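These notes are about the structure you will find just below.
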Amino acid sequence: MGKHIPVETIVWTERGLVILDQRLLPIEEKYLLLATVSEICAAIRLLAVRGAPAIGVAAAYGVVTAYRENNDEHNVRESISLLRKTRPTAVNLFHALDVMERCLDTAFTSSDTERVLLERARAIQEEDIQVCRELARYGAGLLTDGDTVLTHCNAGGLATSGYGTALGVIYAAMDEGKTINVYVDETRPLLQGGRLTSWELARNGVKVTVICDSMAAEVLRQGRIDYVIVGADRIAANGDTANKIGTYGLSVLAREHSVPFYVAAPLTSFDFTLKTGGEIPIEERDPGEIYRVYGLSQAPEGVSFYNPAFDVTPAGNISAIISEKGIARPPFADALARWNR
């Protein structure tokens, strides 16, 4: 294995925000220029940019874009409201917008408002990169040379500013000279595991095996997996964790087969205002994501579909939570409260 190759997920340029369009991977690597708030909102809603930390960073640059479009403070605040409505579950989005909104008073009393806003957005992005590396360093200590990890969805550079959370742990272990093998759930309905995680890991020289979501139980039963590591979109104060739909089922399987189940996430993914995962809002998406795959219908006309984008893994199914503050083990409430100080 070589050194980790960063992914340029989000790049600010003089022309505006540039993102790698994740809807097209792995077939095509295409970058989009987003020069308006409406374009950034659409990119977040339609998953051109996705992953809890990444959409927070994109939204922060959305505030800068709003000022560029119309430098009236009321317009900027209206744009922040629009950005808040793009996706409901990942708390990083709201954290980043809260930070940018608190910056407005200082920015609008400055002689260079755009510079102040841009510096703050860049700081959010740099912080994301740094904390991902810190949490990855803690998580790498849990892995030994030759381990095999199972992961779900994509919690790598594509979901962040370029390093990753769950995949960041694997990259950090690689940098320590460890060989880590990875099984990847394809992650229906949009295949973020099969399309995105396998693309990321393969370009970094990691041995990747893609499986259908329904195969995870058999793979665990066969003893092929040493650890399950996933990311998170929102973590409640007691450790209950919302992540891509299918994560809860995977946690049940891991527990049944005595395989440690780890969650890796920055503190910006924690929502200490929520006591339990039952309070986490769960996004329900267009059913077309289920019944149309590459333009082909997967079910007869007239049947109903249910498409929640996330589920909640109870804290009792989680062996450890990894953040830039270290590693917390159950019961989580006290340790997470210390992280919140």
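Quick note: the coordinates plus some simple rules give every number you see, no bench work behind them. What you see is a predicted model; the values in this text were computed from it and never measured. Here the Cβ is made from the backbone with ideal geometry for all residues, glycine too, and neighbour counts use every protein chain on show.
With R₀ fixed at 30 Å, the C-beta to C-beta distance from Gln222 to Glu29 puts the FRET efficiency at about 0.30. Per residue, the convex hull spanned by the Cα atoms of the range 136-339 amounts to 121 cubic angstrom. Annotation for the range 8-43: GluC sites (Glu not before Pro) lying in DSSP loop with at most 15 further Cβ atoms inside 10 Å of their Cβ are Glu8, Glu14, Glu28, Glu29. Its Cα centre serving as origin, the range 173-307 has a Cβ charge dipole (Lys and Arg +1, Asp and Glu -1) of approximately 320 debye. Shown is the FRET efficiency for Arg68 and Asp175, computed with R0 = 41 Å from the Cβ-Cβ distance and rounded to the nearest 0.05: 0.60. Between Met215 and Glu78, the distance separating the two model label sites (each 7 Å from Cα on the Cα→Cβ line) works out to 5.1 nm. When the square roots of the Cα gyration tensor eigenvalues are ordered a ≥ b ≥ c, the ratio a/c for the range 261-305 is 1.5 or more and a/b exceeds b/c, which makes its shape prolate. Partner lysines whose Cα lies under 25 Å from the Cα of Lys244, excluding those fewer than 8 positions away in the same chain, are identified as Lys30, Lys85, Lys207, Lys275, Lys325. In the range 10-131, the inverse of the mean reciprocal separation of distinct Cα atoms equals 14.2 Å; this is its Kirkwood hydrodynamic radius. Label zone (Lys85, point 7 Å along Cα-to-C-beta; backbone nitrogen cut-off 16 Å) within the range 20-44: 37-44.
The orientation-averaged projection of the convex hull spanning the C-alpha atoms of the chain amounts to 17.4 square nanometres. Applying the criteria of a DSSP loop state and at most 16 other Cβ atoms within 10 Å to the trypsin sites (Lys or Arg not before Pro) of the range 234-281 yields Lys275.
About its Cα centre, the chain has a charge dipole of approximately 460 debye under the convention of +1 per Lys or Arg Cβ and -1 per Asp or Glu Cβ, with nothing else charged. Screening the chain for DSSP H helices whose Cα atoms reach 24 Å or more along their own axis and whose mean Kyte hydropathy is at least 0.0 gives 52-69, 91-108.
On a per residue basis, the convex hull of the C-alpha atoms belonging to the range 55-213 measures out at 120 Å³.
Spin-label pair Ala299-Glu279: with each label point 7 Å from Cα along the Cα-Cβ axis, the two points sit 3.3 nm from one another.
When the Cα positions of Ala236, Gly326, Leu33 are compared along the charge dipole of the chain, Gly326 comes out farthest toward the positive end, with charges on each C-beta of Lys, Arg, Asp and Glu.
With Cβ to Cβ distances under 14 Å as the rule, what net charge do the other residues near Val169 carry (K, R +1; D, E -1)?
-4
Secondary-structure-derived ellipticity at 222 nm for the chain, considering helices only, amounts to -11500 deg cm²/dmol, per-run term -39500 (n - 2.57) for DSSP H runs with n ≥ 4.
For the range 250-341, the set of chymotrypsin sites (Phe, Trp or Tyr not before Pro) satisfying both a DSSP loop assignment and a count of at most 10 other C-beta atoms within 10 Å is given as Tyr294, Tyr306.
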